[in-house]
1. So what is the calculated 222 nm ellipticity per residue for the protein assembly as shown, using -39500 (n - 2.57) for each DSSP H run with n of 4 or more, over all residues, to the nearest 500 deg cm²/dmol?
2. If you take the alpha carbon radius of gyration of segment C:1-113 and divide it by 2.2 N^0.38 Å, what ratio comes out, to two decimals?
3. For label points placed 7 Å from Cα toward Cβ, what is the shortest-first list of nm distances from A:Gln104 to its copies?
4. Determine, at each q value in 0.20 (inverse angstroms), the log₁₀ of I(q)/I(0) that the Debye formula gives when each Cα of segment D:104-151 is one equal point scatterer.
5. So what J values fall out for segment C:78-89 if you push phi through Karplus, 6.51 cos²θ - 1.76 cosθ + 1.60 with θ = phi - 60°, rounded to Hz, Gly and Pro as x?
6. Counting only heavy atoms of protein chains, what accessible area per residue, in Å², does segment D:14-187 have with a probe of 1.4 Å?
7. Using a 10 Å cut-off on Cβ to Cβ distances, tally the other chain neighbours for every residue of E:210-223 and report the average as a whole number.
8. In a GNM of chain F with a 10 Å cut-off on Cα contacts, which of F:Glu222, F:Glu96, F:Glu190 has the highest mean-square fluctuation?
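The values are calculated or read from the model by the stated rules, or taken from the named source; none is laboratory data. Everything numeric in this text was worked out from a predicted model, so none of it was measured. No Cβ is skipped: glycine too gets one built from the backbone with ideal geometry, and neighbour counts run over all protein chains shown. Side chains are part of the model used for accessible areas, which takes the heavy atoms of the whole protein and leaves out ligands, DNA and RNA. Shrake-Rupley method; radii C 1.70, N 1.55, O 1.52, S 1.80 Å.
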Number of protein chains: 6
Amino acid sequence: MSGVIVTNPPKARPEDVEALAGYGVATVSEAMGRTGLLGPEIRPVQQGVRVVGTAVTVLSWPGDNLMIHAAVEQCGEGDVLVVTTTSPCTDGLFGELFATALKQRGVRGVVLNTGIRDTQELRDMGFAAWSRAVCAQGTVKATGGSVNVPIAVDGQVIRPGDVILADDDGVVVVPRERAREAAERSAAREAKEAATRAAFRDGQLGLDRYGLRDTLKRLGVEYRTYEEYAGDGS
Amino acid sequence: MSGVIVTNPPKARPEDVEALAGYGVATVSEAMGRTGLLGPEIRPVQQGVRVVGTAVTVLSWPGDNLMIHAAVEQCGEGDVLVVTTTSPCTDGLFGELFATALKQRGVRGVVLNTGIRDTQELRDMGFAAWSRAVCAQGTVKATGGSVNVPIAVDGQVIRPGDVILADDDGVVVVPRERAREAAERSAAREAKEAATRAAFRDGQLGLDRYGLRDTLKRLGVEYRTYEEYAGDGS
Amino acid sequence: MSGVIVTNPPKARPEDVEALAGYGVATVSEAMGRTGLLGPEIRPVQQGVRVVGTAVTVLSWPGDNLMIHAAVEQCGEGDVLVVTTTSPCTDGLFGELFATALKQRGVRGVVLNTGIRDTQELRDMGFAAWSRAVCAQGTVKATGGSVNVPIAVDGQVIRPGDVILADDDGVVVVPRERAREAAERSAAREAKEAATRAAFRDGQLGLDRYGLRDTLKRLGVEYRTYEEYAGDGS
Amino acid sequence: MSGVIVTNPPKARPEDVEALAGYGVATVSEAMGRTGLLGPEIRPVQQGVRVVGTAVTVLSWPGDNLMIHAAVEQCGEGDVLVVTTTSPCTDGLFGELFATALKQRGVRGVVLNTGIRDTQELRDMGFAAWSRAVCAQGTVKATGGSVNVPIAVDGQVIRPGDVILADDDGVVVVPRERAREAAERSAAREAKEAATRAAFRDGQLGLDRYGLRDTLKRLGVEYRTYEEYAGDGS
Amino acid sequence: MSGVIVTNPPKARPEDVEALAGYGVATVSEAMGRTGLLGPEIRPVQQGVRVVGTAVTVLSWPGDNLMIHAAVEQCGEGDVLVVTTTSPCTDGLFGELFATALKQRGVRGVVLNTGIRDTQELRDMGFAAWSRAVCAQGTVKATGGSVNVPIAVDGQVIRPGDVILADDDGVVVVPRERAREAAERSAAREAKEAATRAAFRDGQLGLDRYGLRDTLKRLGVEYRTYEEYAGDGS
Amino acid sequence: MSGVIVTNPPKARPEDVEALAGYGVATVSEAMGRTGLLGPEIRPVQQGVRVVGTAVTVLSWPGDNLMIHAAVEQCGEGDVLVVTTTSPCTDGLFGELFATALKQRGVRGVVLNTGIRDTQELRDMGFAAWSRAVCAQGTVKATGGSVNVPIAVDGQVIRPGDVILADDDGVVVVPRERAREAAERSAAREAKEAATRAAFRDGQLGLDRYGLRDTLKRLGVEYRTYEEYAGDGS
């Protein structure tokens, strides 16, 4: 595969992307049926920042950032750059210079299934980043790859133009066609959670609110006093 | 195993638990003969917070938080919730709604041998948490488990009512019968460490303070100048 | 091997070490031909701190800090303690008491290919530390090892007197004979990066600045519209 | 997502699948431009076995094998079952009873992004299997998922009907539309490799065969005698 | 903790232990309610061997095999040695000399939550072993620990005298008081599995045998043709 | 660093290398003071094979095998190829074609701190290999590196011409100047072990043979009956 750079992928509509900005990663993932989450290995380099935007995807060779340079040109206002490699890689494929270029173009953040560097500089300049590793190891520009093709990261497929939402809990992807639906479902979920939160503050138990006492009974889970339990000898 | 919920386990005495509040995880673990530590994979989601309390234990199925709901009812003032799963799991079994319910009941924190979510919200509401992973992945409520039975986490057995102490260094468990002893030993260790700290500030060496020069000699460790060493050709 | 303590290893010249203080780990590693980096597993326990100094090296038995006591005596103004073990170990071989002793001697920080403890205390006292794990597990003083011999950590050889530079991105080692060269190269690289940064702020692309369009062409990477790409059926 | 079972997905044509049977995983992956490989964590439970077939895909909840039961009904002659979970899981979702059912239906093997059990029995009955872990941990049948939807495993998307080829080196997926192309390219690659093999047996060097001496020169790699190299003092 | 060597722990009755010899690890674990399994990281060094016996437990310091020497004296006919360390350790704490001593005493095998060495020799002499790692790294005899105290390994508590059963699928522990019950339950499970195996060979589906079609329906899992599914645009 | 290929490094004397052929990795490592071992992650792809030879070292870029081609020319009778990368890499940098070329030149095996492929073919042709991963992922030939420079792998420095010994327990390196000494020490150790083995077969205990009863006493390890121990309530 010599690689391809796709120049004008479809994107989620901006107003739908913005509609998602008010929700957290957990909420949106739950609202979409517990789908779209990248795993716990991809962590933010800053704390307390949430970013939402449309994916520009990169598939690079390990130890090589050539295709990120190609991707910068494809990035614009409201995008989030998402980078993976053809095999596992912790090198610092991304740093402060790329962030400078992307910020100039209105890009909102970066998600790396590899390493990142210049983390202090990135925090200082307020460019949001999530990565699999922090590592200063530099890269070459010698091997081809692709930009704006679908990539598979941590069990999720990310297509160019899909919505990327990231916060302290991690990263979730929403298919570009479903951004509106995701926002609506998230609003519904948040309303439901607000009611639950209020009930929990008032002392209601999840056991009662969700009808779980019957579930426990059906599953054969039994209540025992400590004396009964200890008396079993197990 | 259909699972069991034990309703009134014995607990360490509150005054003994409080007596431990002034000591760090490293101090208490050392004082108890270097025992009780959970391993380095379980990390705090906040910085600079120390919590001490009595364990309410949960054994859940992976990807399932049903038994945490059952456990909430068993939790009260001064408790710390401790959750493990029957097989390795990084899903976010615990989040802000559970924290709301627990806070209302006077629970002091949570230790998860799994994932956690809503980390920013937890920090904002000041609910202390330690976990093996941060992951927004949601859960079902479909499979039974147990509450307040002994669980084995990272090489340690945690029984309901045992003392859980957690800070930036990790988590230590003290058997409920030994809380008083642990506090006394910790006080003694801290006094000893204070003396050592003062001596070190004055420039005394551990080699001298602990009589280690003889140890080195007995073990055959030799002092060499660089020239002697380099001359060996090794 | 009974072990050896080398008492007067050669060191990088202080003025050369200081000359490196103004550069980050990524810059110095790049300037030295992408060499010298420890891998991404060794992380700082604090944020926003950079340290540079000359290595005092320790090779310890796992679970044993005897040789760190021996090393303290070999440490002085401007040093950085670097500790590894003969086999993988996450125990807390280093904590606040050692830091007290080292600070009194003018040591600038510690790099541990093992665990560390008392992390909150270390942050409070401003003693900089990088480690593979955070773990309160204590140690014995029972088995010999070496001080100020070359050690191999994460693919790098660190000799006593080599320059250790550490920041939020990780840790890099510069051979003691090449400290001056490293500083000069880092200055050159930083100048080049400043120009690139300015160009990127002005909207120039890396593709143009580095002449990468030809590289892409040579490698057979092709530009396609989304319609062309989607029409391929791949 | 309540999940869906897709009943009649398109499949690679049987004759194209068979055409791939003569090639190894490395050959096919190379022939397809170094694409399609699952990573090194998914390993065979037997040695010296190669399997090729069309994918029946399963997306299960961790610790739950309900959807594998649903998938068995969708499996037939020449298929390979491919199972992943919505979050990381090492439980033994698959064992000898499933293998019995699948063998009866003409299924050729199983690829699990989870754990497997009954490994000795599987070897005895000659049912080929690849998995991320070996673990006897049993499962429940309590939570929904999907069969024959696209799944993302280890950076690859696997759709129902795609070709799965597995041997001692691991597992590769070929898109169902490209099976014929993959076989043709593999034949070409194997011919080329046979020529190279013969040349290497005759003592030709890759440096000469692939024209790499110029590459080395262009990259600035220099030949030095040991004396020259050692004299550098580096 | 200076450590203790317990000299005459209670043990499962020999006839009950033997009654378990005919069952595999998966069967026994399932029969006991999916309990007792050590995780997938502890693997056999040989293939096709099953061992059952009563545990002699060892808690050692990392990198130190002193307590294994102490444990040999406590081992006898029908025992299985089980070794863990106070913190993670991959060193080769056990090798062919220990196996020689244990074999002479009628010990049936060893389970190590650490590393092992002399693996070829162990296979040649037919001494069965399971371990977390294979590593030739040697050990010292310098730090105390305990023999025949309860240890916690991979989420399971193993007490001296408990039954250890190990095969290619891993290791399971059965509490010493429940060996008889475990054998009886395993027999029942095996009978049930034999019936299922026969049914599966006849082509019956698990969906029908276990009544899972209703479960799928209750959970909202739907059957769709590929055309219906693809038409959704998801 | 553009990289360098060193053409005539010094090597351990052939007769000294052969003298080591009779000993296992564990024996030689122990004989040399428990030094030189690569860690447990580097595993053989075959079983029951031992190889000894002189190292030809390679430092490659991740995902790139250019420098292995350069190294083949530097390899000759009695050598063992040792390959590492500048950052972590699991790609299959080495396969059957390289093995064909090396076998033709009298090379005895390969040790890879990366991935390997064509494992079945390598076993069939009897070319011995040890690697960190098995992965069919192919490589490019685009970035420079070095041949026959010292490399640091898993805590050990390997220089060209050093002795590499590998078997089922892993890989050990002996400095080229110390090959004779290593053989002599290994012979002595083996004699000592033979005596111990005989003693253990006769029923002598390590406790007595090594005088460890005093060690246990000095360390405060106490013997207790189960009744005494259980009576403590701990």
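1. Numbers: 54 runs with 477 residues, N = 1404.
Calculated mean residue ellipticity at 222 nm is -9500 deg cm²/dmol.
2. Numbers: Rg = 14.5 Å, N = 113, 2.2 N^0.38 = 13.3 Å.
Dividing the Cα radius of gyration by 2.2 N^0.38 Å gives 1.10.
3. Label point to label point, same position, other copies: 5.1, 5.4, 5.4, 6.7, 7.7 nm.
4. For the requested q values the scattering log ratios are -0.89.
5. For segment C:78-89, the Karplus curve yields x, 8, 10, 7, 10, 10, 10, 10, 6, 8, x, 7 Hz.
6. Values: 4260 Å² over 174 residues.
It amounts to 25 Å² per residue over segment D:14-187.
7. Numbers: counts 3, 1, 5, 3, 0, 7, 10, 1, 1, 9, 5, 13, 7, 8.
Mean partner-chain Cβ count within 10 Å for E:210-223: 5.
8. Per the Cα network of chain F with a 10 Å cutoff, F:Glu222 tops the list.
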